[in-house]
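Report on the following structure.
The values are calculated or read from the model by the stated rules, or taken from the named source; none is laboratory data. Since the model is a prediction, treat every value here as computed from it, not as a measurement. Please note: Cβ atoms are built from the backbone with ideal geometry, for glycine as well, and neighbour counts cover all protein chains shown. Ligands, DNA and RNA are excluded from the accessible area calculation, which covers all protein heavy atoms including side chains. Shrake-Rupley method; radii C 1.70, N 1.55, O 1.52, S 1.80 Å.
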Amino acid sequence: MKDHKKLTIWSEAQALIKKAKEEGIETLWDRKRAQEPHCGYCELGLSCRNCAMGPCRIDPFGEGPQKGVCGANADIIVARNLLRMIAAGAASHSDHGRDLVEVLYKVGEGEVSGYKISDFEKLKRIAQEFGLSIEGKNQQEIAKELALELMEEYGTKKHRLTFISRVPQVRIELWEKLKVVPRGIDREVTEAMHRTHMGVDNDYISLLLHGVRTSLSDGYGGSMIATEVSDILFGTPEPRISSLNFGVLKEDHVNILIHGHNPVVSEMIYLAVTDSELNELAQSLEAKGINLAGLCCTGNELLMRKGIPMAGNHLLTELVIVTGVVDAIVVDYQCVMPSLAEVAKCYHTLVFSTSEKARFPGMEHVEFTPENAKEKAYELVRKAVKNFKNRIPSKIFLPSKEMKSMTGFSVEAILRTLGGSLEPLINAIKTGKIKGAVGIVGCNNPKIKQDYGHVELAKKLIANDILVLTTGCANVAIGKAGLQVPEGKEFAGPGLKEVCSALGIPPSLHVGSCVDNSRILVIACALAKALGVDIKDLPLAGAAPEWYSEKAVAIAFYVMASGIFTVLGVMPPVLGSKNIVELATSGLENIFGARFAVEPDPLKAADLIIEHINQKRKALGLE
Ligand code: SF4
Ligand code: MSK
């Protein structure tokens with residue numbers, strides 16, 4: 001593959017793509033090329049297979065059919081498809097949250113041995129937020145009562161999700177007027193599927209408003225629950241230094257990678273790799289020890305809480321196996337490419353699936369439940385250790401470069417860094433040392449040169465004194481570029497550099513995994529409340545330069561609906577409806593006080609964001 005240098009900005013990844021090619025390994029870039037040109041109808045959002053009278057498609061040139069068999073036009077089909085994307089994204093984050101709530105309940109019942117309450121203060125605080133009395137109750141009692149309350153957030157008994165009370169009143173009133181205040185999480189997702197069934201909701205605006213409601217049930221529901229319960233169970237992250245890149249793998253150690261999203265499995269693997277008997281077993285097999293590293297969002301969860309290094313982000317998950325030193329990968333769910341098992345077959349790597357709801361052909365399935373997780377984790381680590389001796393020396397190629405990264409900026413940690421209140425941040429914004437803040441979130445997509453969008457956008461923003469907050473795979477990209485260590489202040493403009501020096505923080509803060517975008521919402525809400533304004537008035541923006549996942553569509557919608565201008569680097573499948581494009585890129589401003597823009601060039605995306613932040617500052621009298 002001559003063009004491997006065009007696929008990713010990282011020379012180590014380029015070298016591994018070259019090695020994969022030489023060894024006859026097919027990667028996602030090969031398969032992307034085989035798919036091109038992608039179906040134009042699908043790219044425009046103009047194909048529908050929601051019923052068996054179809055599938056139907058609308059001719060974008062106006063020469064062929066303009067309606068499906070049922071009579072649905074382009075607006076209806078595009079809106080229905082978009083709503084289904086949002087529903088799938090919201091469902092994924094929220095089901096992840098539900099799995100954590102079930103573990104919390106079982107901890108409360110005393111039924112599980114590996115899990116415990118790690119942040120009792122947070123447990124008490126959230127219980128009180130839910131109106132529970134904590135007087136005279138022990139950890140287990142509070143955990144069980146809170147878990148039952150959180151389960152109710154998924155159902156239909158409530159008229160409003162509890163965490164909505166974190167939102168400024170003026171925004172809640174807007175959502176009430178628009179009838180988009182989220183009720184039960186499952187209710188919104190189910191209703192989205194109902195509305196998009198043939199013959200139900202056929203008004204594109206009404207469909208999209210329900211898309212907003214569904215996305216808000218994710219942002220202020222499923223995702224926020226996932227974040228808060230993960231902190232309660234596994235600890236609220238604190239700033240710490242760790243490492244990134246292929247170089248975190250160790251040739252002389254047993255290497256185990258955890259991949260997916262939910263810390264329920266990976267925390268138990270972490271426990272097992274610290275076991276002395278298993279480490280002795282590794283040494284008896286001539287390994288120096290057991291090395292655990294992360295991929296994707298489950299990696300971010302362990303990186304944040306335990307300092308476990310990250311080997312790579314989404315598009316590097318195949319290449320990491322190509323190093324030939326990975327003895328096992330343990331996956332839970334989401335963003336796990338089924339191709340991993342195929343790549344692993346060409347090496348000695350064992351690949352284990354663990355979730356009852358996520359099976360992969362070619363992977364050994366070892367099902368984890370809250371009750372057996374500890375025992376199963378030990379079983380998998382033992383298998384990985386024994387696999388060390390099966391390495392194929394001629395297939396080993398490990399680029400050694402590793403980068404340092406500071407992680408762990410939970411809301412609590414940010415507040416502590418600021419001395420206990422948001423006042424220093426507000427003052428820095430008022431004086432213009434920090435012009436504004438931008439959340440750079442999400443994935444990789446092979447339609448963009450890997451990590452180019454994240455890195456160039458972050459660099460330009462911080463050079464313009466804009467603080468960056470990152471989640472998901474963006475963390476690995478921006479961290480590898482050297483922007484997530486205090487020394488990264490050298491890339492920042494003079495004002496942001498001064499603030500970073502004073503606080504000892506990087507100009508780009510690692511906030512967590514993709515459910516942890518909820519932490520960014522909490523900060524935005526708290527800032528707006530402190531200033532007595534709506535979120536839409538703040539100099540903030542969101543960006544997803546390399547998004548690929550349906551979860552990213554849900555995130556983009558709840559960020560926009562919260563009043564934050566959102567720039568996407570990849571075009572969503574909406575171009576088939578002029579009305580929807582017009583609404584998304586301009587009409588929404590009059591409804592939610594925020595809108596979307598699509599700009600694949602990260603430098604131009606940065607310009608759009610800088611202009612937006614300057615306008616917001618001017619409106620606040622902060623020129
Ligand atoms: Fe065709 Fe309408 Fe059925 Fe969609 S719902 S496949 S547009 S008939
Ligand atoms: S969603 S951020 S590809 S892991 Fe967490 Fe997946 Fe990364 Fe998007």
Discussion item. Given the criterion among the basic types (Lys, Arg) and open to solvent by 70 Å² or more (accessible area, probe 1.4 Å), identify the matching residue among LYS433, LYS395.
Written reply: LYS433
Discussion item. For GLY420, only one of the following conditions fails: (1) of a type outside the set (Asp, Glu); (2) in contact (Cβ under 8 Å) with a residue 40 or more places away in the chain; (3) not assigned by TED's automatic domain parsing to the domain that holds HIS261. What is its number?
Written reply: (2)
Worksheet item: Can VAL553 be described as crowded, with 18+ Cβ neighbours inside 10 Å, out of contact with any helix residue (DSSP H, G or I) (no Cβ under 6 Å at 6 or more places or on another chain) and not assigned by TED's automatic domain parsing to the domain that holds ILE205?
Response: no
Practice prompt. Go through region 297-353 and count every residue that is among the β-branched types (Val, Ile, Thr) and away from ligand 2 (no atom under 16 Å from the Cβ).
Written response: 8
Worksheet item: Looking only at residues in region 151-171 that are part of a loop (DSSP other than H, G, I, E, B) and of a type in the set (D, E, K, R), which one is surrounded by the fewest Cβ atoms within 10 Å (Cβ to Cβ)?
Response: LYS157
Practice prompt. Quickly run through region 198-223 and pick out the residues that are farther than 11 Å from PRO182 by Cβ and within 16 Å of ligand 2 (Cβ to nearest atom).
Written response: SER223
Discussion item. Being surrounded by fewer than 23 Cβ atoms within 10 Å (Cβ to Cβ), in contact with a strand residue (DSSP E or B) (Cβ under 7 Å, 6 or more places away or on another chain), among the hydroxyl-bearing types (Ser, Thr, Tyr) and assigned by TED's automatic domain parsing to the domain that holds THR417 is the requirement here; does THR585 meet it?
Written reply: yes
Worksheet item: Within region 313-348, can you find the residues that are more than 26 Å from SER94 (Cα to Cα) and of a type outside the set (A, V, I, L, M)?
Response: GLU318, THR323, GLY324, ASP327, GLU342, LYS345, CYS346, TYR347, HIS348
Discussion item. Could you check region 439-467 and list, in sequence order, the residues that are open to solvent by less than 10 Å² (accessible area, probe 1.4 Å) and away from ligand 2 (no atom under 16 Å from the Cβ)?
Written reply: LEU461, ILE462, ILE466
Item to complete: Scan region 400-433 for residues that are touching an Asp or Glu at 6+ places or on another chain (Cβ under 6 Å) and assigned to a helix (DSSP H, G or I) and report the count.
Response: 1
Discussion item. Please pick out the residue among LEU148, LEU178, LEU174 that is among the aliphatic types (A, V, I, L, M), away from ligand 1 (no atom under 16 Å from the Cβ) and open to solvent by 70 Å² or more (accessible area, probe 1.4 Å).
Written reply: LEU148
Worksheet item: In region 322-338, what count of residues is obtained for those that are open to solvent by less than 20 Å² (accessible area, probe 1.4 Å) and either touching a Phe, Trp or Tyr at 6+ places or on another chain (Cβ under 6 Å) or not in a strand (DSSP E or B) (or both)?
Response: 9
Worksheet, complete the sentence: If you go through GLY97, GLY45, the only one that is within 16 Å of ligand 2 (Cβ to nearest atom), in contact (Cβ under 8 Å) with a residue 12 or more places away in the chain and either under 20 Å from SER549 (Cα atoms) or of a type in the set (Val, Ile, Thr) (or both) is GLY97
Worksheet entry | strands (runs of 3 or more DSSP E) fully within region 239-321 counting 3 or more residues that are more than 20 Å from ARG382 (Cα to Cα) | 240-244, 310-312
